[in-house]
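Right, one structure below, let's go through it.
The values are calculated or read from the model by the stated rules, or taken from the named source; none is laboratory data. Because the structure is predicted, anything quoted here is derived from the model rather than measured. Every residue, glycine as well, gets a Cβ built from its backbone with ideal geometry; the counts of neighbours run over all protein chains shown. Just the protein is used for accessible areas: all its heavy atoms, side chains included, with ligands, DNA and RNA removed. Shrake-Rupley method; radii C 1.70, N 1.55, O 1.52, S 1.80 Å.
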Amino acid sequence: MQTRSAPDHRPIHPLWMRVTHWLNALAVLVLVTSGWRIYNAAPFLAFRFPAAITLGGWLGGALQWHFAAMWLLVFNGLVYLVLNLASERFALKFFPLTPAGIWRDARAALGGRLSHADPRHYNHVQKLAYLFVIVDLVAIVLSGLVLWKSVQFPLLRELLGGYEAARRVHFVAMAALVAFVAVHLVMVALVPRTLLTMLRGRAPHTP
């Protein structure tokens, strides 16, 4: 006679993960909106961001917000990574990741057939997206260091192709982050219980 395994009552997202997630979200919001104001002071493309969606009011104020959010992102991001690695959550959630799995789940997602029945497990598209955003945030921080302290980080500046190249890397990486957030919000709207899970740690149907 086959016995059913006991239900897993552990939180889908532990408290430390939820706290660091929301602090990262706050840091990103401040960084993006203040960064748009900083960009407007010296644009290198043929457009500016509307003042209504920027933060800081003026260049000096935007820089203060940007630096404050930068430290929040760096320290909170390090806590997030260390706890993910120490708890083995990183390996369990994001791997294995294979090209075949990405192709299969991407086709299923485009066809509206990708299942979200088990919030404890990420599909290959989610794994790739979350790993991408981690790498993207690292690129944002490293290029931001060059823009902030170019003289103090000469090797990093040269690796990024110089100050102006680092500025463009920073802009493109931030644009990629905004695109990720936009897609992420759309997915949350399509599967709203993922938001409740991130708030309370459990899916709505979990006792």
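Numbers at a glance
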read-out: Subset of the stretch 131-176 (residues that are touching a Lys or Arg at 6+ places or on another chain (Cβ under 7 Å) and either among the hydroxyl-bearing types (Ser, Thr, Tyr) or on the phi > 0 side of the Ramachandran plot (or both)); value: SER150, TYR163
read-out: Residue among TRP65, TRP22, TRP36 that alone is modelled with pLDDT under 95, of a type in the set (Phe, Trp, Tyr) and either over 18 Å from ALA176 (Cα atoms) or not in a loop (DSSP other than H, G, I, E, B) (or both); value: TRP22
read-out: Members of the stretch 156-194 that are in contact (Cβ under 8 Å) with a residue 40 or more places away in the chain, aliphatic (A, V, I, L, M) and either part of a helix (DSSP H, G or I) or under 14 Å from ALA139 (Cβ atoms) (or both); value: MET174, ALA176, LEU177, VAL178, VAL181, VAL183
read-out: Any hit, the stretch 114-129, residues being at pLDDT below 90 and acidic (Asp, Glu); value: yes
read-out: Where GLN152 falls short, out of the listed (1) modelled with pLDDT of 90 or more; (2) assigned to a helix (DSSP H, G or I); (3) surrounded by fewer than 15 Cβ atoms within 10 Å (Cβ to Cβ); value: (2)
read-out: Total residues in the stretch 39-54, condition open to solvent by 40 Å² or more (accessible area, probe 1.4 Å) and within 21 Å of the chain's Cα centre (by Cα); value: 1
read-out: So LEU147, is it surrounded by 12 or more Cβ atoms within 10 Å (Cβ to Cβ) and not in a helix (DSSP H, G or I); value: no
read-out: Selected residue [within 15 Å of the chain's Cα centre (by Cα), within 28 Å of LEU63 (Cβ to Cβ) and either open to solvent by 40 Å² or more (accessible area, probe 1.4 Å) or aromatic (Phe, Trp, Tyr) (or both)] from VAL181, VAL186, VAL133, VAL169; value: VAL181
read-out: Odd one out for VAL138, checked against (1) of a type outside the set (S, T, N, Q); (2) farther than 30 Å from TRP65 by Cβ; (3) without any contact (Cβ under 8 Å) to a residue 40 or more places away in the chain; value: (2)
read-out: Residue pairs meeting the criteria (Cβ under 6 Å; at least 6 apart or on separate chains; first within 25 Å of PRO14 (Cβ to Cβ), in the stretch 110-122; second modelled with pLDDT under 75); value: PRO119/ALA203
read-out: Flag if LEU45 is out of contact with any His (no Cβ under 8 Å at 6 or more places or on another chain), in a loop (DSSP other than H, G, I, E, B) and at pLDDT 90 or above; value: yes
read-out: Single condition GLY57 does not satisfy, out of (1) outside any helix (DSSP H, G or I); (2) surrounded by 13 or more Cβ atoms within 10 Å (Cβ to Cβ); value: (2)
read-out: The stretch 79-108 residues that are over 15 Å from VAL133 (Cα atoms) and among the hydrophobic types (A, V, I, L, M, F, W, C), paired with ones that are open to solvent by 70 Å² or more (accessible area, probe 1.4 Å) and in a loop (DSSP other than H, G, I, E, B) (beta carbon under 9 Å, 6 or more apart); value: ALA108/SER115
